[in-house]
Every structure is written in C-alpha cells, then in structure tokens.
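The values are calculated or read from the model by the stated rules, or taken from the named source; none is laboratory data. Predicted model only: the values in this text are computed from it and were never measured. Reconstructed Cβ throughout: ideal geometry from the backbone, glycine too, with neighbour counts over all protein chains shown. Accessible surface is based on the protein model in full, side chains and every heavy atom, while ligands, DNA and RNA are left aside. Shrake-Rupley method; radii C 1.70, N 1.55, O 1.52, S 1.80 Å.
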Amino acid sequence: MTNSLEDKTTAELLMMANAGLGFTLNVNSLPAKELLEITNAAALSGAQITLIDEAQKLARESS
C-alpha cells in the first residue's frame, strides 16, 4: 500500500473501524487475526473496509 495507513498500528485501525470510518487495507500488511478483529469492528460499526491483495495484483501486472 502506498498511503498513510501503512503507518497505522492495529489499535489505530481498530479505532477507525469502530468509529465507522471506511478505508482500504492490504491483506498482506497484517496477520489474519488482526484483519479479522478490524473487519469485525467494521461490521459492528457499519464501516466499509475494502480488503485488497497487493501482492497478487503486482504478480498479475508483471506477467
């Protein structure tokens, strides 16, 4: 990912999701357990979290 979310801690991302803020997150940037915590928080708050796989996208673009 090439935005400021790279610098956010899991706790900060959880706060954002709990507050109902939507964002896009690279699935390769965090362990699965932390991604699950963030997506659960988003589901409860109504936040829209878009999960992308940057590694897979880059692999497709280079082939």
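Note down the magnitude of the dipole of the chain about its Cα centre, charges +1 on Lys and Arg C-beta and -1 on Asp and Glu C-beta and zero elsewhere, to the nearest 20 debye.
Details: 4 positive and 8 negative charges, 29 e Å.
In total the dipole reaches around 140 debye.
Can you tell me the accessible area per residue over the chain, all protein chains present, probe 1.4 angstrom, in square angstrom?
Numbers: 4220 Å² over 63 residues.
Ligands and nucleic acids excluded, the result is 67 Å² per residue.
Is it possible to state the helix-based mean residue ellipticity at 222 nm for the chain, with each DSSP H run of 4+ residues giving -39500 (n - 2.57), the sum divided by total residues, to the nearest 500 deg cm²/dmol? What is it?
Helix contribution divided over all residues of the chain: -15000 deg cm²/dmol.
Taking all pairs of distinct Cα atoms, average 1/r, flip it, and tell me the Kirkwood hydrodynamic radius of the range 1-55 in Å to one decimal place. Display every interim value, and only then the final one.
On the way: mean 1/r = 0.0915 Å⁻¹.
Over the range 1-55, the inverse of the mean reciprocal pair distance is 10.9 Å.
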